[in-house]
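First the structure, in the form of structure tokens, and then the observations on it.
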Amino acid sequence: MSPVVKIQDLHKIYESGEVPVHAVRGVSLEIQRGEFIALMGASGSGKSTLMNMLGCLDRPTRGTYELDGIDIDELDRNELADLRNQKLGFVFQGFNLLARTTALENVELPMLYGRHRKVSMEKIRERAMHCLEIVGLANRFDHFPNQLSGGQQQRVAIARGLVNEPQVLLADEPTGNLDSKTSVEVMGVFQKLNEQGITIVMVTHELDIAKYCRRNLILRDGVVVRDEMVADRTIAEEEMQRIKAAEAAAKLTHQAKSGA
Amino acid sequence: MHFTNTLRVALRALRRNTLRSLLTALGMIIGVAAVITMVSIGSGAKAQVEAQVASLGQNLITVMPGSYSSGGMRGGFGSSVSLTPEDADAIAAEVANIDGLSAEVRDRNQVLANGLNWNTNVNGVGPDYPYVRNWPMESGAMFTEQDVKSLGKVCVIGKTVADQMFPNEDPVGQTLRIRNLPFRILGVLTPKGFSIFGSDEDDVVLIPYTSHMRRVSRRTSISMIRIQAADADKVAQVKQSVEDLLTQRRRGREPDFTVRTQEELASAATATAKTMTGLLAGIAGVSLIVGGIGIMNIMLVSVTERTREIGIRLAIGAHGKDVLTQFLIEAILLSSLGGMVGVAVGVGGSQALSSYNGWPVLVPTTWIFISVAGSALVGIISGFYPAYKAAQLDPIDALRYE
Ligand SMILES: Nc1ncnc2c1ncn2[C@@H]1O[C@H](COP(=O)(O)OP(=O)(O)OP(=O)(O)O)[C@@H](O)[C@H]1O
Ligand SMILES: [Mg+2]
């Protein structure tokens with residue numbers, strides 16, 4: 001089967017400052033359908049830059065990128081927008097939800113554009129609601145972002161990434177601002193989606209989060225220095241049960257103490 | 001994007017900033033309300049002037065002493081004002097197609113009756129006067145040609161004089177003293193209201209012009225002659241004949257009279273009202289422009305402030321065109337909703353003005369459409385640049401924007 005992502009000798013040089021910054025220096029990579037990849041590396045190693053190019057948000061300075069067999073170098077601004085809309089889902093670093101806009105309306109957003117332009121509002125609403133159910137937030141559909149916890153906002157962002165049934169879901173530090181329990185929750189959602197066949201690429205700084213993925217890539221100074229499969233994957237569901245058991249135990253001891 | 005969806009997105013965006021949207025629209029509301037109010041006052045004034053001109057009578061021609069032909073300057077100087085009762089008689093006798101004619105001598109006098117006194121206009125006129133002025137009697141009758149010939153000490157009075165001098169009784173048959181001469185009141189005129197010049201037409205006592213000239217004012221010339229042509233299309237011809245006749249009667253002297261038709265009078269009067277309307281509308285138009293600048297300003301701020309939102313939209317698949325339409329529709333919604341509220345406020349304000357100040361106002365429907373369409377246009381013009389700016393943003397730069 002052909003890879004869904006195929007990049008060859010990809011470079012990105014930022015010319016904006018006084019000195020050009022060579023942020024990505026020749027990355028070649030193939031990602032097959034159904035993969036679940038963690039992209040790791042020190043701060044400033046070029047992870048976000050690479051993700052932006054994978055997400056067709058930024059054009060590479062050099063090198064080729066084929067997404068689902070399409071050479072993105074040949075697409076204009078609007079065609080790129082349609083491609084992002086149809087084939088890619090984004091979970092941005094730092095949520096990027098629209099403020100003062102309900103969870104449901106945030107999730108609906110990608111469906112207002114692209115091939116959905118002609119879809120009725122009822123259908124859009126229905127589909128957005130379904131995605132909120134997947135991330136377990138259907139009961140909070142009418143809440144504004146500032147009324148949701150960080151983990152809940154992150155899950156709304158994931159639901160928004162899912163709503164157009166993308167082939168690849170790109171997530172830049174989806175657990176960056178979350179406590180460990182909420183992180184496990186989010187990883188649980190990702191694992192479930194991955195099992196349903198969605199390809200996921202996510203950036204993380206945390207080794208134990210990377211362990212939930214199937215493949216780990218490590219970037220240093222704009223090049224891939226390590227690319228390996230994860231041997232003993234952590235399963236979010238099991239981890240969740242362990243945490244719950246630990247909490248219950250803590251509660252019991254607490255109660256025992258206060259009872260004594 | 002589906003148009004209704006774009007509309008929905010724009011409405012959501014406006015709702016998210018309700019207070020700001022209201023304040024922005026306020027500029028438009030005030031602008032449009034000002035336009036509507038100003039235009040209403042202007043056209044009300046114009047309509048009133050027209051009504052007053054019509055109330056002068058129908059197919060009216062006036063002859064006044066003095067020549068105003070050369071740029072409004074009084075010509076023929078040295079020649080004393082010289083419109084005479086004989087001129088009036090000559091016109092009545094020789095000019096065809098005349099329905100009615102009345103000489104008129106004006107004066108102000110103290111009148112006494114009933115132990116009360118009152119300073120009023122005492123005008124000497126002919127028996128046709130009420131007919132020419134289209135001014136019927138309320139009670140009693142007008143004096144006759146016979147009274148004019150015999151210098152009769154008779155009069156008819158206007159409603160104001162009747163109310164002032166005879167508050168509780170019927171004035172007809174009573175006596176009114178003018179310069180200590182007793183005049184019998186034959187009738188009372190119907191109320192006519194205010195003239196173009198703002199004076200009370202009903203504050204008047206009419207006596208035969210002959211009695212006026214011999215007994216009261218001792219004048220030798222008359223103030224004016226009013227002529228009613230038989231037909232609207234005879235007016236020009238009558239005017240010409242009158243001018244010819246009077247010129248002929250002056251035997252080569254400088255013409256010392258002016259003949260004017262009612263139409264000429266009307267156009268002079270309404271021209272002023274029109275200028276005023278234009279001026280008021282101009283002032284109001286400026287406030288519309290200010291409102292438009294306000295909208296552009298807010299939209300520019302809004303684009304900058306919502307750079308991230310724009311970035312998100314572009315990143316997840318919006319085309320530049322979608323963003324452009326969204327912001328443009330926001331601007332148009334703001335301005336045209338403001339415009340509609342402005343129309344309501346303007347109409348209400350005009351009504352309030354007319355009921356508190358008694359100003360004649362008239363809300364012209366065309367201006368309502370012009371205002372709403374105009375405010376939408378202001379929205380398009382002032383919204384386009386900010387919307388274009390938003391559409392040109394690069395998704396990745398917009399997402400990074402802090
Ligand atoms: N728009 C830009 N203009 C200039 N230089 C940039 C720009 N964006 C990133 N860089 C530079 O490119 C390099 C890689 O940045 P990038 O954001 O990809 O790092 P990262 O791996 O995502 O870091 P972090 O883990 O902190 O998010 C950095 O040295 C950064 O300063
Ligand atoms: Mg980063």
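Sorting A:Leu67, B:Leu288 by accessible area puts them as B:Leu288, A:Leu67; the probe is 1.4 Å, largest comes first, and only protein heavy atoms count.
Each listed q (0.05, 0.09, 0.12 Å⁻¹) maps to a log10 I(q)/I(0) for the protein assembly as shown from the Debye sum over equal C-alpha point scatterers, namely -0.51, -0.84, -1.18. Using a/c under 1.5 as the rounded threshold, could you call chain B rounded, prolate or oblate? The axes a ≥ b ≥ c are square roots of the C-alpha gyration tensor eigenvalues, and prolate needs a/b larger than b/c, oblate otherwise. Since a/c reaches 1.5 and a/b is larger than b/c, the shape of chain B is classed as prolate. Seen through its C-alpha gyration tensor, with square-root eigenvalues sorted a ≥ b ≥ c, chain A comes out oblate because a/c lies at 1.5 or above while a/b is not bigger than b/c. Projecting label points 7 angstrom from Cα along Cα→Cβ for B:Arg260 and B:Val290 puts them 3.8 nm apart. Scaled against 2.2 N^0.38 Å for its residue count N, the alpha carbon radius of gyration of the stretch A:1-40 is 1.54.
Loop-located trypsin sites (Lys or Arg not before Pro) in the stretch A:83-128 (DSSP state other than H, G, I, E, B) with a sparse environment of at most 16 neighbouring Cβ atoms within 10 Å: A:Arg100. The length gained by stretching the chain between A:Ile13 and A:Arg25 to full extension, at 0.36 nm per residue less their Cα-Cα distance, is 3.5 nm. Within the full protein context, the accessible area of B:Ser302 is estimated at about 10 Å² for a probe radius of 1.4 Å. Would the stretch B:106-218 count as rounded, prolate or oblate if I go by the C-alpha gyration tensor, calling it rounded below 1.5 in a/c and otherwise prolate when a/b exceeds b/c, oblate otherwise? It is rounded, given that a/c, with a ≥ b ≥ c, falls under 1.5. Projected onto their three principal axes, the Cα atoms of the stretch A:150-257 cover extents of 54, 33, 24 Å, largest first. Scoring B:335-348, A:219-232, B:223-236 by mean Cβ neighbours within 10 Å over their residues and listing the highest first yields B:335-348, B:223-236, A:219-232. Taking the longest Cα principal axis of chain B as reference, the axis of helix B:235-249 is set at about 40 degrees.
Looking at the stretch A:29-71, the trypsin sites (Lys or Arg not before Pro) that sit in a DSSP loop and have at most 16 other Cβ atoms within 10 Å of their own Cβ are A:Arg33. Per residue of A:99-111, other chain Cβ atoms within 10 Å of the residue Cβ number 3 on average. Taken residue by residue and averaged, Cβ atoms of other chains lying within 10 Å of the Cβ of B:7-17 number 2. Sorted largest first by accessible area at a 1.4 angstrom probe radius, with every protein chain in place, the residues B:Phe384, B:Phe257 fall in the order B:Phe384, B:Phe257. Could you name the aspartates and glutamates whose alpha carbon sits less than 12 Å from that of B:Lys274, not counting residues in the same chain fewer than 8 places away? Straight-line reach from B:Lys274, under 12 Å: B:Glu50. Applying the criteria of a DSSP loop state and at most 14 other Cβ atoms within 10 Å to the trypsin sites (Lys or Arg not before Pro) of the stretch A:139-195 yields no site.
Among A:Pro20, A:Pro110, A:Pro174, the largest mean-square fluctuation in a Gaussian network model of chain A (Cα springs under 10 Å) belongs to A:Pro20. Place a point 7 Å from Cα of A:Glu126 in the direction of its Cβ. Which residues in the stretch A:137-179 have their backbone N less than 17 Å from it? Output list for this probe position: A:163-165.
The values are calculated or read from the model by the stated rules, or taken from the named source; none is laboratory data. Model, not experiment: these values are computed from the prediction. For neighbour counting, all protein chains shown are included, and Cβ atoms are generated from backbone atoms with ideal geometry for every residue, glycine included. Areas reflect the complete protein model, heavy atoms only, side chains present, ligands, DNA and RNA absent. Shrake-Rupley method; radii C 1.70, N 1.55, O 1.52, S 1.80 Å.
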